[in-house]
Amino acid sequence: MSIPGVTLHHILYVSLLAADRQFDVVGAISQSARRRNAEWGVRSVLLFDGHRFAQRIIGPSESATRLMQRILGDLRHTGVLILCDEPMVAGDAERGAFMVGYCDAELLDILDRRCDPPMGASALSLFQAILLGADLSD
Ligand SMILES: Cc1cc2nc3c(=O)[nH]c(=O)nc-3n(C[C@H](O)[C@H](O)[C@H](O)COP(=O)(O)O)c2cc1C
C-alpha cells in the first residue's frame with residue numbers, strides 16, 4: 001500500500017465494549033470497515049476478547065486520523081485509550097484492508113493496564129506478539 005511521498009501513520013488503541021452492546025457488534029463493524037478501509041486506503045486489525053477491543057490502524061496520516069475520529073465517536077465502545085499515534089517505519093504493515101481476530105482476555109489485560117499502560121513501541125510489539133497467537137480472519 002505504500003504510495004511514494006506519502007508517510008504512513010499508525011494508531012493503536014484499546015477500548016471496552018459498551019455496556020448496552022453484545023459481542024455481535026463485531027460482525028456489523030467488520031462489514032462497513034472492510035468497505036470503508038479499502039475506499040480510504042487504510043488498513044486495520046481489530047482484536048476482541050469478548051469484552052475489550054485492541055485495534056491498530058495504518059494509513060496515510062490524514063485518512064488514519066479521520067478514521068480514528070469516527071471510531072472515537074462510535075457508541076458501540078467506550079473508554080478508548082490511545083497507546084500509540086505516530087508516523088510508521090516503512091514495511092511494517094498488516095495484510096488486508098480489515099482483519100479481525102479473537103484472543104484471550106489475559107493478553108489484552110497486559111496491553112490495557114488503565115493506570116500504567118505500555119505506550120508507543122512497547123505497546124506495538126506487545127500487540128504484534130498477541131496477533132501471532134490470534135485467530136485472524138479477513
Ligand atoms: C472497535 C471499533 C473498531 C472499528 N474499526 C473500524 C475500521 O477499522 N474501519 C472503519 O471504517 N470503521 C470502523 N469502525 C466503525 C466506525 O466507528 C464507524 O461506525 C464507521 O466508520 C461508519 O461507517 P458507515 O457510516 O459506513 O456505517 C469501528 C468501530 C468500533 C467500535
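The values are calculated or read from the model by the stated rules, or taken from the named source; none is laboratory data. Values in this document were obtained by computation on a predicted structure and should not be read as measured data. Don't worry about glycine lacking a Cβ; one is built from the backbone with ideal geometry, like all the others, and counts go over all protein chains shown. Areas reflect the complete protein model, heavy atoms only, side chains present, ligands, DNA and RNA absent. Shrake-Rupley method; radii C 1.70, N 1.55, O 1.52, S 1.80 Å.
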Seminar exercise, completed: Taking R0 as 35 Å and r as the Cβ-Cβ distance between ALA38 and ASP116, the FRET efficiency 1/(1 + (r/R0)^6), rounded to the nearest 0.05, comes to 0.45
Exercise. Can you give the Kirkwood hydrodynamic radius of the chain from its Cα pairs, in Å with one decimal?
Worked result: 14.9 Å
Problem set entry | Rounded to whole Hz, the Karplus (6.51, -1.76, 1.60) HN-Hα couplings of the range 73-85, x for glycine and proline | x, 7, 6, 6, 9, 8, x, 5, 10, 7, 9, 7, 7
Problem set entry | Efficiency of FRET from Cβ geometry, GLN128 and GLU106, R₀ 25 Å, rounded to 0.05 | 0.90
Problem set entry | Per residue accessible area of the range 11-138, 1.4 Å probe, in Å² | 51 Å²
For this session: Name the residue, out of VAL45, VAL26, VAL14, whose mean-square fluctuation peaks in a Gaussian network model built on the chain with Cα pairs under 10 Å.
Result: VAL26
Exercise. Taking a quarter of the surface of the Cα convex hull of the range 9-84, what do you get in nm²?
Worked result: 4.4 nm²
For this session: Grab the Cα-Cα distance for ALA28 and ARG76, subtract it from 0.36 nm times how many residues apart they are, and report the gain in nm with one decimal.
Result: 16.2 nm
Exercise. In whole angstrom, how far apart do the alpha carbon centroids of the range 38-66 and the range 123-138 sit?
Worked result: 13 Å
Problem set entry | About the Cα centre, charge dipole magnitude for the chain (Lys/Arg +1, Asp/Glu -1 at Cβ), debye | 420 debye
Problem set entry | From phi via Karplus (6.51, -1.76, 1.60), per-residue ³J(HN,Hα) for the range 13-27 in Hz, x at Gly/Pro | 9, 10, 7, 10, 4, 4, 4, 8, 10, 9, 5, 5, 4, 4, x
For this session: Go through the range 37-49 residue by residue and turn each phi into a ³J(HN,Hα) via Karplus (6.51, -1.76, 1.60, θ = phi - 60°); whole Hz please, and just put x for glycine and proline.
Result: 4, 5, 4, 8, x, 10, 10, 8, 10, 10, 10, 9, 10
